[in-house]
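This report refers to the structure that appears directly beneath it.
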Amino acid sequence: MRHDGHSDQDGGSLIGRNLATWRVRRAVSVGELAERARIPSERIALLESGRNWVDRRGELAALTGALRLDATDLTGQPYPPAGPEHAAVRAVAFELRREIAGSAAASLSGSVDDLDARTSSALAAEAAGDEYALALALPGAIRLADSIAATARSEAGRERAAELRMLGHVAAAGLLRRLGYRDLAWMLLHTARPGGPEPVEVLIEEARLLIDMALPEYALARLQRARAAGGGQGLPLVEALAHAVTGRRETADGLLDQAAGQAEDSRTGAVVAATRVVVAVESGAAHEMVEHARCADLDALEPAWRASVMVAAALAHARLGRLEETAANLAAAEELAPLRVRLDSFARELLAVLPAQTHDPASAETIRRIAERAGVR
């Protein structure tokens, strides 16, 4: 739901416009906000005028904390549907809400092998960054998991169904988080594995959710519990991001160095390198971002990760004034994972701001077309 009275057609920083609206509603001056958020008043003025943009989670967290807001109040999520696939993905959020409330369609029948195949399909779509295929796969997988977990005759069958059910819930929560339905994502995670210890996968997704909610310190508390529960491959990467968002760059780099030293294959090493790009984003180190993105082995990454690296590279090039490279990276990312990119708050910031700043006709046209597909014009 949008709170600012604007549509995405107004141009300029989307977050900046919402920031100006909420600052006035809270009766907070630019100087007061700057003091609370520890952000220069000149930068806040540039954001509110639409001449600059937000591209760091840490800055978003500082602004929302200073005005006592949820991050979605500034980003404008969930965004109005732009095209039939986006509309279909958003509709799945309401289907998942009915699933949580117990008012969904009748349970499905099938075997644990059927559930394994459905869950694998959903997880493959998630790795591909294909939000549409993921949205289509999830409700049926979750409904079948609920049915099998309740009716399986063997203990092994019930346990496997419970594990697959948890993985489906985590994937669904991730989709809802990216869409902006964060309260619903939180509810889904709390039903992922009733009873017993919290799975590490659930704790890590909760941490991602808290980071996106601009609550990185709470995310770190969740990750401490995940570490106590045995950790996992993805734990140090999310932990590094949370520390970077809170300004602890040295701690973040130490975690990534440790993860790189423990990488067992090219794919794991490439994911660590990709995380370095995201951590550099939080430090505002544009040249470093570009270098990390250039050195990352993109061929070893799943499409969703490749797209995230390209969006980060676009953010870095935009900061350096290299708008042709910005447009090229956004176009490449969108080709890999269309909805994943169009729903990214920081990518949308670029799509809203850059058309007025891009003087190269080809780059301007590329950005304009992506912006239209995203509903940002």
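Things to note:
- Once the range 218-236 is narrowed to residues that are of a type in the set (Gly, Ala, Ser) and part of a loop (DSSP other than H, G, I, E, B), the residue that is nearest to ALA274 (Cα to Cα) is GLY234.
- Where helices (runs of 4 or more DSSP H) sit wholly within the range 8-112, those with at least 1 residues that are open to solvent by 30 Å² or more (accessible area, probe 1.4 Å) occupy 14-25, 30-37, 41-49, 57-67, 84-101.
- Filtered residues of the range 341-356 (kept if closer than 19 Å to ARG56 by Cβ and open to solvent by 30 Å² or more (accessible area, probe 1.4 Å)): ASP344
- Residue within the range 365-372 that is open to solvent by 30 Å² or more (accessible area, probe 1.4 Å) and either of a type in the set (Gly, Ala, Ser) or under 30 Å from ARG248 (Cβ atoms) (or both) present: no
- Residue selection: VAL238 fails the criterion of being modelled with pLDDT under 95, under 23 Å from ALA313 (Cα atoms) and out of contact with any His (no Cβ under 8 Å at 6 or more places or on another chain).
- Close Cβ contacts (under 8 Å, 6 or more residues apart or on different chains) running from residues in the range 180-191 that are at pLDDT 90 or above to residues that are open to solvent by 70 Å² or more (accessible area, probe 1.4 Å) comprise LEU184/ARG97.
- Residues of the range 279-303 satisfying the condition of being open to solvent by 30 Å² or more (accessible area, probe 1.4 Å) and more than 15 Å from LEU320 (Cβ to Cβ): CYS295, ASP297, LEU298, ASP299, GLU302, PRO303
- ALA133 fulfils the conditions (1) without any contact (Cβ under 8 Å) to a residue 24 or more places away in the chain; (2) open to solvent by 50 Å² or more (accessible area, probe 1.4 Å); (3) aliphatic (A, V, I, L, M) except for a single criterion, (2).
- Restricting GLU324, GLU288, GLU302 to those that are touching an Asp or Glu at 6+ places or on another chain (Cβ under 7 Å) and either modelled with pLDDT of 90 or more or of a type in the set (Gly, Ala, Ser) (or both) reduces the list to GLU324.
- Of all residues in the range 260-277, none satisfies being in contact (Cβ under 8 Å) with a residue 40 or more places away in the chain and assigned to a helix (DSSP H, G or I).
- From ALA156, ALA152, ALA145, ALA172, residue being buried (at least 22 other Cβ atoms within 10 Å of the Cβ) and modelled with pLDDT under 90: ALA145
- Tabulated pairs, the range 75-95, first touching a residue at least 12 places away in the same chain (Cβ under 8 Å), second surrounded by fewer than 16 Cβ atoms within 10 Å (Cβ to Cβ) and not in a loop (DSSP other than H, G, I, E, B), C-beta under 8 angstrom, 6+ apart or interchain: PRO81/ALA87
- The selection criterion, being surrounded by fewer than 20 Cβ atoms within 10 Å (Cβ to Cβ), closer than 29 Å to ASP73 by Cβ and modelled with pLDDT of 90 or more, does not hold for GLN258.
Per-residue answers, yes or no, for (1) touching a Pro at 6+ places or on another chain (Cβ under 6 Å); (2) within 20 Å of ARG225 (Cα to Cα); (3) among the basic types (Lys, Arg):
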site: ARG153; (1), (2), (3): no, no, yes
site: ARG165; (1), (2), (3): no, no, yes
site: VAL170; (1), (2), (3): no, yes, no
site: ALA173; (1), (2), (3): no, yes, no
site: GLY180; (1), (2), (3): yes, no, no
site: ALA185; (1), (2), (3): no, yes, no
site: HIS190; (1), (2), (3): no, yes, no
site: GLY196; (1), (2), (3): no, yes, no
site: ILE211; (1), (2), (3): no, yes, no
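The values are calculated or read from the model by the stated rules, or taken from the named source; none is laboratory data. Here the structure is a predicted model, which means the values were calculated and not measured. As a convention, Cβ positions derive from the backbone with ideal geometry for all residues, glycine included, and neighbour counts pool all protein chains shown. For the accessible areas, the whole protein counts, side chains as well, though only heavy atoms, and no ligand, DNA or RNA atoms are used. Shrake-Rupley method; radii C 1.70, N 1.55, O 1.52, S 1.80 Å.
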